[in-house]
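Undergrad: This is the structure, below, for whatever I ask next.
None of the figures in this text is laboratory data; all of them are computed from the coordinates on show. The structure presented is a predicted model; accordingly, all values stated were derived computationally and were not measured. Note that each Cβ is placed from the backbone with ideal geometry, even for glycine, and that neighbours are counted across all protein chains shown.
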Amino acid sequence: MKARAVQRDGHVVACDTDVVLDGRALGKPADELEAREYLERMSGRAHTVMSGLVVLADGEERSGLERTSVVFKQLGEAEVERYVRFGEWRGRSGGYAIQTLGSTLVERIEGSVSNVVGLPVGLLLDLAPELADLDHLE
């Protein structure tokens, strides 16, 4: 729906990312309390970051799903509080962003790091390999 809402020629790329823990999509925390809850629930555990990607190109729709497993280290109360106070959780699925301070929460990643950031670049190029052609982008 996001991709189709854009009226233009050429390529349109739309992506939605969510964090799934215990079979449930977490969405974006509504407030600091919920952000703390999310981090505490993910502490010392694995969760899945899932991104749905759609490319519209010349009337053709191509879509795919990327999954990445992320394991958080065991988080102490002070570490959770520091991250929540930092505010990076706002507007972020699962209540964290791996690009800056959120990277300190992570023990390991299995799969696409760009997917965890929010745009699975490998999947994008699988769906639209012509985007890797720099001459095409002039």
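Undergrad: Could you tell me how many cubic angstrom of Cα convex hull volume the stretch 11-127 has per residue?
TA: 96
Undergrad: Mind sorting 50, 1 by how few other Cβ atoms lie within 10 Å of their own Cβ, fewest first?
TA: 1, 50
Undergrad: Find out how many positive minus negative residues lie around residue 38, taking Lys and Arg as positive, Asp and Glu as negative, among other residues whose Cβ is under 10 Å from that of residue 38.
TA: Combined, the nearby Lys, Arg, Asp and Glu give +1.
Undergrad: To continue, here is another question. Can you give the net charge of the other residues whose Cβ lies under 12 Å from the Cβ of residue 127, counting K and R as +1 and D and E as -1?
TA: On the way: positive: 62; negative: 60, 61, 66, 126, 130.
Net local charge, residue 127 excluded: -4.
Undergrad: Any idea what angle helix 77-86 forms with the longest principal axis of the chain, computed on alpha-carbon atoms, 0 to 90 degrees, nearest 10?
TA: In the chain, helix 77-86 runs at an angle near 50 degrees to the longest axis.
Undergrad: To continue, here is another question. Any chance you could give the angle, 0 to 90 degrees and rounded to 10, that helix 32-42 forms with the longest Cα principal axis of the chain?
TA: 90
Undergrad: I need 69, 43 ordered by Cβ neighbour count within 10 Å, fewest first.
TA: Ascending number of Cβ neighbours within 10 Å: 69, 43.
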